[in-house]
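What follows is calculated from the coordinates using simple rules that are stated; it is not laboratory data. Keep in mind that what you see is a predicted model, and the values were worked out from it rather than measured. In this analysis, Cβ positions are derived from the backbone assuming ideal geometry, glycine residues included, and neighbour counts consider all displayed protein chains.
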Amino acid sequence: MKDPLLLENQICFKIYTAEREITKLYRGLLEEIGVTYPQYLALLVLWEEKRVTVKELGMKLFLDSGTLTPMLKRMEANGLIERRRSAEDERSVIITLTQKGEDFKEKANCVPTRLLERLDMKPDELEQLDSMLSTILGTLQGK
């Protein structure tokens, strides 16, 4: 039986270390196209949804508004998004892509493929990993 208190037997350490290494890979790929990892995640949501509130974006990315607001201001300054107050609810800020933000999708299109090449994983292995991680997240979030 494995010693449960050895570092090499800690699943949390393996997930943490893998996450850090994958984020490093992303960082390198994303520097080439001029966005940070959190900005890339926000763009992924906006390419899919087209229009979200700061609150909705925060819920999807598990980030609070204190983290999101400065990032969104930088993205707006770079011409990728627009932020405006909702006409229905002044407390709500709506985020939409600019044309530059829409066009940026083409520039970012290579990122997933290049990441997979670096991970050297087969598509079925990646699907298996995705499924396991989704199960773990669902369990931890009570879904």
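Given Leu97, Leu133, Leu126, which one is surrounded by fewer than 12 Cβ atoms within 10 Å (Cβ to Cβ), among the aliphatic types (A, V, I, L, M), in contact with a helix residue (DSSP H, G or I) (Cβ under 9 Å, 6 or more places away or on another chain) and farther than 18 Å from Leu29 by Cα? The conditions single out Leu133.
Counting only residues that are exposed (fewer than 11 other Cβ atoms within 10 Å of the Cβ), under 21 Å from Leu30 (Cβ atoms) and not acidic (Asp, Glu), how many does the range 113-123 have? The number of residues fulfilling the criteria is 1. What residue, among those in the range 1-57 that are closer than 25 Å to Arg74 by Cβ and of a type in the set (S, T, N, Q), is farthest from the chain's Cα centre (by Cα)? The residue in question is Thr53. Out of Leu129, Leu115, one residue alone is closer than 26 Å to Glu32 by Cα and under 19 Å from the mean Cα position of the chain (by Cα). It is Leu115. When each of Ile22, Ile33 is tested for being farther than 24 Å from Asp130 by Cα and either touching a residue at least 40 places away in the same chain (Cβ under 8 Å) or aromatic (Phe, Trp, Tyr) (or both), the lone residue that passes is Ile33. Of the residues Glu76, Glu125, Glu117, the single one that is charged (D, E, K, R) and over 21 Å from Arg20 (Cα atoms) is Glu76. Could you list all residues from the range 98-112 that are part of a helix (DSSP H, G or I), without any contact (Cβ under 8 Å) to a residue 40 or more places away in the chain and within 16 Å of the chain's Cα centre (by Cα)? Residue satisfying the conditions is Pro112 alone. Is it the case that some residue within the range 85-97 is in contact (Cβ under 8 Å) with a residue 60 or more places away in the chain and either among the small types (Gly, Ala, Ser) or not in a helix (DSSP H, G or I) (or both)? There is no residue in the range 85-97 that is in contact (Cβ under 8 Å) with a residue 60 or more places away in the chain and either among the small types (Gly, Ala, Ser) or not in a helix (DSSP H, G or I) (or both). Out of the range 64-103, which residues are aliphatic (A, V, I, L, M) and touching a Pro at 6+ places or on another chain (Cβ under 8 Å)? Correct list: Met71 only. Residue check: is Gly66 small (Gly, Ala, Ser) and in contact (Cβ under 8 Å) with a residue 40 or more places away in the chain? Criteria not met by Gly66.
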